[in-house]
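What follows is one structure encoded as structure tokens, with my remarks underneath.
The values are calculated or read from the model by the stated rules, or taken from the named source; none is laboratory data. Quick caveat: nothing in here was measured; it's all calculated off a predicted structure. Because the Cβ atoms are built from the backbone with ideal geometry, glycine has one as well, and the counts that use them run over all protein chains shown. In case anyone asks, the SASA skips ligands and DNA or RNA and just uses the protein heavy atoms, side chains included. Shrake-Rupley method; radii C 1.70, N 1.55, O 1.52, S 1.80 Å.
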Amino acid sequence: MGIVEILLSEEFNEGITLLINIITIALALKFRKPFKERYMGVGKFYDALLLATVVWFIAECFYAPSYFSDYFTEEFIEKSEWIADNIWVIFQLLFLYAFASLFGALVSRYAIGVIKERSLNDSDNLDAGLTSGSYIIIPGKEKEIFLSILQKRPGFIISRTSPDKVKTFFGVKETPIMWLTKVECEQCIWPTNLEYLGHLIVDFLKKDNIPKVVLIEGLEYLALENNFERIFKFLSSIKDYAVLTNSIVLLVISPEAWSKNQWAILKKEFPVIE
């Protein structure tokens, strides 16, 4: 048999298919951890798709005897194909589940609800003196200022502290919270994933065409995981969207965590609320 005949043979094609499956599974296992860390919330999709690929490989193994009929009996090939057909059904179900979980995550997890906090009592509001944009708050003042603005408009909190502790500290019940952390949970975001965090904030600000307030604390933690240039560009972009949507973004920043030059740049771009 010549090289051309070998390359065009069913046996060769089946062998290549099995090899590609093995390589795909190996790569999927290698990149599983970094993918789930970077794209939190879609871990079920990745794992289900990986499992579906493994099942597909097993099905192909049971189909293989039909391509090498010279080495197997007809009865063995029939039984093997019957098993492969049933395994293929499992693959299709897993594949369907994988994308169902992906679409579910995109609809529910990747959207921040615009919710007016109803657990607060009305009082004099500080936002009357603040125009739209981003402002620096020295740690210790964020609770009073944020809550006073939250009485008038929906809010969103991004924090280094866990959501339960944030709710207790601010006394809120319905305001959405995202936790800056490297663990995987329902309300978590990886600290280096500034693009995704920016998307969440911008999407929240643009919803429903009403003014909102966003509180961001834990910027010192973000600075450890990202360089200053990335952080500054991220915050500047958020400020621009705050202006466009007539919203207020409060940045809880401690001066001691930054160099003199960095602090000067931050103060120049974002006014400090004394």
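Listing for the model above:
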item: Which of Leu130, Leu93, Leu180, positive extreme of dipole for the chain (C-beta unit charges); result: Leu130
item: The chain: antiparallel DSSP beta bridges as a percent of all, rounded to 5; result: 0
item: The chain, accessible surface, carbon-and-sulfur percent (1.4 angstrom probe); result: 61
item: For the chain: relative contact order, % (alpha-carbon pairs under 8 angstrom, 6 or more apart); result: 20
item: ³J(HN,Hα), Karplus 6.51/-1.76/1.60, whole Hz, each residue of segment 44-49, x for Gly, Pro; result: 4, 4, 5, 5, 5, 5
item: Semi-axis lengths (Å, descending) of the ellipsoid that matches the C-alpha gyration tensor of segment 169-247; result: 20, 18, 11
item: Segment 119-239: relative contact order in percent, alpha carbon pairs under 8 Å with at least 6 residues between; result: 27
item: Listed peptides 166-172, 155-161, 205-211 by packing density, highest first (mean Cβ within 10 Å); result: 155-161, 166-172, 205-211
item: Karplus 3J(HN,Hα) series, Hz, for segment 64-81 with 6.51 cos²θ - 1.76 cosθ + 1.60 (x for Gly, Pro); result: 4, x, 5, 8, 10, 5, 5, 9, 9, 6, 5, 5, 5, 5, 5, 5, 5, 5
item: Other-chain or far-sequence residues with amide H under 5 Å of Cys188's (modelled H); result: Trp179
item: Filter on Lys30/Lys182; Lys143/Lys167; Lys44/Lys173; Lys141/Lys207; Lys233/Lys267 - keep pairs with C-alpha separation over 22 Å; result: Lys44/Lys173; Lys141/Lys207
item: In Hz, Karplus ³J(HN,Hα) per residue of segment 263-274 (6.51, -1.76, 1.60; θ = phi - 60°; x = Gly, Pro); result: 5, 5, 5, 5, 5, 5, 8, 10, x, 9, 7, 7
item: Long-range amide H partners of Val272 with built H, under 5 Å; result: Ile136
item: For the chain, accessible area per residue (1.4 Å probe, heavy atoms of protein chains only), Å²; result: 55
item: The chain - mean residue ellipticity at 222 nm from DSSP helices (-39,500 (n - 2.57) per run, n ≥ 4, rounded to 500); result: -19000 deg cm²/dmol
item: Any cysteine of the chain lacking a neighbouring Cys Cβ under 4.7 Å - listed by number; result: Cys61
item: Dipole magnitude of the chain, debye to nearest 20 (Cβ charges: Lys/Arg +1, Asp/Glu -1, about Cα centre); result: 1860
item: Separation of alpha-carbon centers, segment 182-259 and segment 20-92, rounded to whole Å; result: 41
